[in-house]
Amino acid sequence: MTKRMLIMIGGIVVLVLILAGGFALHIRKLMASSPKPTPQTVTATRVGSQDWQPTLAAVGSVVPVRGVDVTSEISGLVREIHFKSGQDVKKGDVLVELNADADKAQLAALEASADLAASVLKRDKAQFEAQAIAQAQVDADSADLKSKRALAAQQQAVIDKKTIRAPFSGRLGITTVNPGQYLNPGDKIVTLQTIDPVYVDFNLPQKSVGELQVGQVVNVTSDGFPGVTFPGKISAISPKVDTATRNVVVEATL
């Protein structure tokens, strides 16, 4: 190895040492200038347990347990109205009376005819016991009495129908019927609805049917009563699935 080569190798070694020293000095400066770690804030809380109940939400409609438009079975002139719009009534309360004067007069005639037939039957039975008439006459008298009593009962039924009563307990709606007005069979007199309790009908997806059962609790809210929750229970689940929406109808009672 020549002297020149030794000088070159020595120069390279010196250059490497100078670069290594500079790099180490740079690293030291970076470490000195980096921010020191600060204390970290740790927040703790106590873990507890609570019951969680899954819920299903739906929009429903409130319907009465019973609701009907009270009508008249037969025609007639309104004589008296015994209720006011919006009134609560009991089953059997008289709502409207139709004019039945002619019907009552006809009933009196039929009852008189039946009484006469009863007298004839009684007299003929006495004569039959005395062997003055045949059994056939007594049988005819008996049939005549039954027929006339049936006619009287039929007429009484017509009179009873002219006194229109509440078919069940509930609250009446608003009526437009007035005394002196003529009613035809089927004409609406007033709406009657039972509003306590009430039904709430709503739709739920078919996939939720397995989570439902009769007696489950429901909570109902209404825009008409803000902030008020009405508790109820499922009373019926329809077995029919709507083929268009794949929903089932559920009924709750409040």
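The values are calculated or read from the model by the stated rules, or taken from the named source; none is laboratory data. This one's a predicted model, so the numbers in the text were calculated from it and none came from an experiment. Quick reminder, even Gly has a Cβ in these numbers, built from the backbone with ideal geometry, and neighbours come from all protein chains shown. When the accessible area is computed, the model is the full protein with side chains, heavy atoms only, and any ligands, DNA or RNA have been set aside. Shrake-Rupley method; radii C 1.70, N 1.55, O 1.52, S 1.80 Å.
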Run lengths n ≥ 4 of DSSP H only: what is the helix-derived mean residue ellipticity at 222 nm for the chain, with -39500 (n - 2.57) per run over all residues, to the nearest 500? -12500 deg cm²/dmol
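Need one number: convex hull volume per residue for segment 92-184, Cα atoms only, in Å³.
Residue-normalised Cα hull volume stands at 115 Å³.
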Express in whole angstrom the spacing between the alpha-carbon centres of segment 110-147 and segment 180-247. 60
The chain: most fluctuating residue of Arg46, Arg171, Arg123 per GNM, C-alpha cutoff 10 Å: Arg46
Exposure rule at most 16 other beta-carbon atoms within 10 Å, DSSP loop chymotrypsin sites (Phe, Trp or Tyr not before Pro): the chain longest free segment: 53-167
Name the residue, out of Val241, Val42, Val96, whose mean-square fluctuation peaks in a Gaussian network model built on the chain with Cα pairs under 10 Å. Val42
Counting residues in the chain as N, plug N into 2.2 N^0.38 Å and put the Cα Rg over that result. 2.67
Highest GNM mean-square fluctuation, the chain, Cα pairs closer than 10 Å: which of Val47, Val68, Val209? Val47
Rounding to the nearest 10 and keeping the result within 0 to 90°, find how far the Cα-based axis of helix 3-33 lies from the longest principal axis of the chain. 40
May I ask you to derive the FRET efficiency for Phe168 and Ala143 from their Cβ-Cβ distance with R0 = 51 Å, giving the value to the nearest 0.05? 0.80
Pull up all non-local amide H partners of Val96: gap of 5 or more, or a different chain, and H-to-H distance under 5 Å with H placed in the peptide plane. His82, Ile164
Helix 101-129 versus the longest principal axis of the chain: what is the Cα-based angle in degrees, 0 to 90, to the nearest 10? 50
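Could you do me a favour and compute the accessible area per residue for segment 170-227, 1.4 Å probe, result in Å²?
Value for segment 170-227: 64 Å² per residue.
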Check: the chain dipole with +1 on Lys, Arg Cβ and -1 on Asp, Glu Cβ, in debye: 2700
